[in-house]
Amino acid sequence: MRTQPLAPPAILLALFSACSATQKTAEQRIIVSPYFAGYRLGGKLGMADSQPSGTPTNGQQPMRELGQDRYEEDYGFRADFGNGAAGLRAEWLKLSMHPTDTGVLSDDFGAIPAGSTVNSDVTLEEFRIGYLHEVWTGSGGPENFLLDLQLAAGGLLSHVSTEIDVRETTGSAQQNVSLKDRGILYPALHLRASHQAVALDLEYALSPNLTFGGDYDGWLQDIEARITYTVPFQDVGLFAGYRFATLPVDSSENGLAVNGDLRIDGIQLGIIISF
C-alpha cells in the first residue's frame, strides 16, 4: 500500500475558505436525495505474478478481461444543507457488481495465469463530505426563457474502498485485490442553471494527488451532471443524472504490485425531498 504524507494545512484552508465574493442570501434547506445507481467499473488493472520468479509488474488489462465493465444496479443517498447549489453535503454510495460475464486474461494476474477464463465480483463503497460556497449569481438567456445562474466553489473529502475478487471459472485459481485510501481532497466547482421548476446542475472536482495516503495515486477527476424537476408548490421532485470518476491505482497486495487506471460511470435516478 502506497502512503502519502498529510496535505499541508494551507491546502485545507484553501479548499474550505470563503471565496472573495458576496454570497446571495437564499433560503437554507435540508435536501435529502435517495437514488438508484446504474454504474459500471471500467478502465484497466494489472497485477504482478505470484510466483517468486514472476514478472514484477504485468501489463494492465481491460476490466472486461476480468469479467467486469457491465452496468449493475445499486443505490446511494445524499443529504445537503444549503440552497441547492451551495452549502454542506454528505453522500454515501454502495456498489455491488456480480456480473455473469467472463473474460480471458491477456496477461498473468497475481495467482491466475494468462489465458485463463475468469469472472469477478466487485464491491465499492464511497463516503463524501464537502462544502461549497456561492461565489456568483446572475441570469442569462432569451427574454422569454431567462435562466437563474449560480456558481459555487469549495471542496470535497472522499473515502473509497474497493474489493475485487477474480476467480478462474473452474476454481483452480483465485486472486483478491483490496484498494483503500485515507482520504482524498477534491477542489470543486458547481454551476446551477434553473428556470421555473427545472434545474440543471454541473459539477467538476479535481484532486491533483491531494491524498492522505492509500492505494489511489495521481490526478483523480469526478464529473457529475443532474437535471431536476421540482413539483410546483411542493417540497418534492425527481432527478436524473450522470457521473464519471477516475481512480488511478498504485498499490500492492501481499507484496505484489498492483497498478491501473480504473473508472466508474453511470446514471442516477432518484427523488429529492426538502425541509
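The values are calculated or read from the model by the stated rules, or taken from the named source; none is laboratory data. Predicted model, so just to flag it, every value in this text is computed and none were measured. Neighbour counts are summed over all protein chains in view; Cβ atoms, including those assigned to glycine, are modelled from backbone coordinates with ideal geometry. The area values use the complete protein model at the heavy-atom level, side chains included, leaving out ligands, DNA and RNA. Shrake-Rupley method; radii C 1.70, N 1.55, O 1.52, S 1.80 Å.
Measuring only protein heavy atoms, the 1.4 Å probe finds Leu189 accessible over about 90 Å². Solvent exposure of Phe239, expressed as accessible area, is near 10 Å², computed with a probe of 1.4 Å over the protein chains only.
Taking Cβ atoms as reference points and 14 Å as the exclusive limit, the residues near Gln61 contribute a net charge of -4, counting Lys and Arg as +1 and Asp and Glu as -1. If you roll a 1.4 angstrom probe over the protein chains with everything in place, what fraction of the accessible area of the chain belongs to carbon and sulfur, to the nearest %? It is 60 percent, rounded to a whole number.
Determine the distance separating the Cα centre of region 42-121 from the Cα centre of region 211-255; give it in Å without decimals. Distance between centres, Cα-based: 15 Å.
What relative contact order, as a whole-number percentage, does region 98-252 give when Cα pairs under 8 Å and 6 or more residues apart are counted? Before the final figure, lay out the partial values.
Details: 372 pairs, mean separation 25.4, N = 155.
For region 98-252, the relative contact order is 16 percent.
The residues neighbouring Leu206, those whose beta-carbon lies less than 13 Å from its own, together hold a net charge of -3 under the Lys/Arg +1, Asp/Glu -1 convention. Among the listed options (1) 17.7; (2) 30.7; (3) 15.9, the one matching mean projected area of the Cα convex hull in nm² as calculated from these coordinates is (3).
Size descriptors for region 82-215: radius of gyration and Dmax over Cα atoms are 21.5, 68 Å. Ranking Thr228, Thr137 from most to least accessible surface, computed with a 1.4 Å probe over the protein chains only, gives Thr137, Thr228.
Using C-alpha pairs below 8 Å separated by at least 6 residues, the relative contact order for the chain is 21 percent.
Sort Trp219, Trp136 from largest to smallest accessible area, using a 1.4 Å probe on the heavy atoms of the protein chains.
Largest to smallest exposure gives the sequence Trp219, Trp136.
Pairwise Cα distances in region 118-170 exceed 12 Å in 77 percent of cases. Accessible area per residue was computed with a 1.4 Å probe on protein heavy atoms; Val249 scores about 10 Å².
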